[in-house]
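The values are calculated or read from the model by the stated rules, or taken from the named source; none is laboratory data. Computed from a prediction, not measured in an experiment: that's the story for all the values here. For neighbour counting, all protein chains shown are included, and Cβ atoms are generated from backbone atoms with ideal geometry for every residue, glycine included. These accessible areas exclude ligands, DNA and RNA; they are computed on the full protein's heavy atoms, side chains included. Shrake-Rupley method; radii C 1.70, N 1.55, O 1.52, S 1.80 Å.
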Amino acid sequence: MQKDKIRLAIIGCGGMAQAHLNAYIHLKNLGINIFDFVAMCDVDLNCAQEFALKAAESQDGVQPSTYVDVNEMLDKESLNAADICGPHFLHHTLAILCFEAGLDVIVEKPLAVTIRAGHKMIRSAETHNRILATAEQVRRWVGPRTVEWLINKEKMIGQPRMFFRQGIGGPTDPENLLRDEPMVWRKDKLTSGGNGIIDGGVHYVDLLIYFFGEPDEIYARVENLNQFQFRAKDGDYVLQTVEDTALATITFKNGVVGQWVSTGAAPGHGMSYNSYHGNLGSVYSGGGYPEQPELQFWDGSRREKDDLQKAYMGSLSQEEKHRLFPHNITEGVALEVYDFLDAVQKRRRPELDGVDGLKAQAVCNAIYESGWCGESVKFDDVYNERISGYQDEINDKWKI
């Protein structure tokens, strides 16, 4: 392995980490040979070994070392960078260990299990002059990039006024509260920080900030209506301690206001869409994210997805194409890890750093805080930890 290449470790080799591994391998297959897989770390050694074997296929059979302990890996290996894909409650401790060892870090979303944990990560990165990147793939897709262009560059919908996101569905058997699948960390507030709002929902909030700027105020109702129970390790059933339903109104400092409904407790007719409205028209897309944007004007005239995305891509300068879609990559995870590697190599700020990641997370935490206290909350108060009632037991649990 060449010494001037980025020496990369993946920490956490399950779930979303598989998409990260595939993205790095895709870069190598494109001839982007600016890094080497050096180490894989997971509490389950088998998972780390599986990742190491797959990584070796992309680098002439040279197999990364495998570890179950991060401290041992950092002591034994000469590393430049780490990709952290562990459970939410470990993000801050793993990242800080890496910063202290001189590594740059990209962290899967949400940035941290609480706002306080996120601030600790940001301060540690600054103290050690390291890069902290937030893994955020959704805004990098062509669809969301097109929506931002329509709203802010072309101003196709006029002055933005409001947005709506509905994600409504329910269980296949709502009367069966005992679920056969095991209780996992995502269903436990102390290890996950929350359910869909802070997990997949943080992607959507990042888009809202991308489209509309700084958030202002949040009011929400948050419930665990299904009261599902999952199998614990001892075989007993335990109640999930995160939400299955949230209904939120979010206001931005530019006056845009919108409603976000996310529930897995509404059996019957489901729906999933998002729309963005101005005084001249709207952008609509089915699904959880605006991957298939359609434009409709006040008079009923329309422009379809293919036309819009072609026009957007055609509007980009060569510099913009190289920056936003380097090497003609359009897959989101590949773009996020390339951006991280390029930032490490050139010592520049990534498109989404720790502050960006924490701002998106803070809106999600504000939804929980509003649900917890029964009142509207200011974004700035949540981001700056002046309101933290929902998060207090998590901070206490992990001594954050």
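Looking at this structure, is L30 modelled with pLDDT of 95 or more, surrounded by fewer than 23 Cβ atoms within 10 Å (Cβ to Cβ) and over 25 Å from Q361 (Cα atoms)? When the stated conditions are applied, L30 passes them.
For every residue, the table says whether it meets (1) assigned to a loop (DSSP other than H, G, I, E, B); (2) polar (S, T, N, Q).
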residue	(1), (2)
F164	no, no
T172	yes, yes
E175	yes, no
L190	no, no
I197	yes, no
V205	no, no
L225	yes, no
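Within the range 33-44, the set of residues being out of contact with any strand residue (DSSP E or B) (no Cβ under 9 Å at 6 or more places or on another chain) and surrounded by 14 or more Cβ atoms within 10 Å (Cβ to Cβ) comprises V43 only. Residues in the range 321-351 that are crowded, with 20+ Cβ neighbours inside 10 Å and either within 18 Å of L103 (Cα to Cα) or among the polar types (S, T, N, Q) (or both): 8 in all. Taking first residues from the range 85-104 that are at positive phi and partners that are of a type outside the set (G, A, S) and part of a loop (DSSP other than H, G, I, E, B), the Cβ contacts under 9 Å between residues at least 6 apart in sequence or on separate chains come to G102/L79; G102/N80; G102/H128; G102/R130.
A single entry from N129, N152 fulfils the requirement of being surrounded by fewer than 19 Cβ atoms within 10 Å (Cβ to Cβ), on the phi > 0 side of the Ramachandran plot and of a type outside the set (V, I, T): N129.
If only residues of the range 257-306 that are free of Cβ contacts under 8 Å to residues at least 40 places away in the same chain and closer than 27 Å to F379 by Cα are counted, the one that is nearest to the chain's Cα centre (by Cα) is G287.
I need a count of the residues in the range 189-223 that are over 15 Å from P110 (Cβ atoms), surrounded by 19 or more Cβ atoms within 10 Å (Cβ to Cβ) and among the charged types (D, E, K, R). Qualifying residue count for the region: 0. With the condition kept exactly as written, say whether any residue in the range 9-25 is touching a residue at least 60 places away in the same chain (Cβ under 8 Å), crowded, with 19+ Cβ neighbours inside 10 Å and more than 27 Å from D199 (Cα to Cα). No; the residues of the range 9-25 include none that is touching a residue at least 60 places away in the same chain (Cβ under 8 Å), crowded, with 19+ Cβ neighbours inside 10 Å and more than 27 Å from D199 (Cα to Cα). Is one or more of the residues making up the range 335-348 in a loop (DSSP other than H, G, I, E, B) and closer than 19 Å to R7 by Cα? So far as the range 335-348 goes, yes, one or more of its residues are in a loop (DSSP other than H, G, I, E, B) and closer than 19 Å to R7 by Cα. Figure legend. Inter-residue proximity from the range 200-217: first residues modelled with pLDDT under 95, second residues not in a helix (DSSP H, G or I), beta-carbon distance below 8 Å, spacing 6+ or different chains. Indicated pairs: G200/G288. Scanning the range 262-285 for residues that are among the hydrophobic types (A, V, I, L, M, F, W, C) and surrounded by 18 or more Cβ atoms within 10 Å (Cβ to Cβ), we see that the one that is modelled with the highest pLDDT is V283. Looking only at residues of the range 352-384 that are part of a loop (DSSP other than H, G, I, E, B) and open to solvent by 60 Å² or more (accessible area, probe 1.4 Å), we find that the one that is farthest from D244 (Cα to Cα) is N384. If you go through the range 385-397 and keep only what is crowded, with 17+ Cβ neighbours inside 10 Å and either free of Cβ contacts under 8 Å to residues at least 12 places away in the same chain or assigned to a loop (DSSP other than H, G, I, E, B) (or both), you end up with I387, S388, Y390, Q391. Just wondering, is there one or more residues in the range 286-305 that are modelled with pLDDT of 95 or more, open to solvent by 70 Å² or more (accessible area, probe 1.4 Å), under 30 Å from S370 (Cα atoms) and not in a helix (DSSP H, G or I)? Checked the range 286-305: at least one residue is modelled with pLDDT of 95 or more, open to solvent by 70 Å² or more (accessible area, probe 1.4 Å), under 30 Å from S370 (Cα atoms) and not in a helix (DSSP H, G or I).
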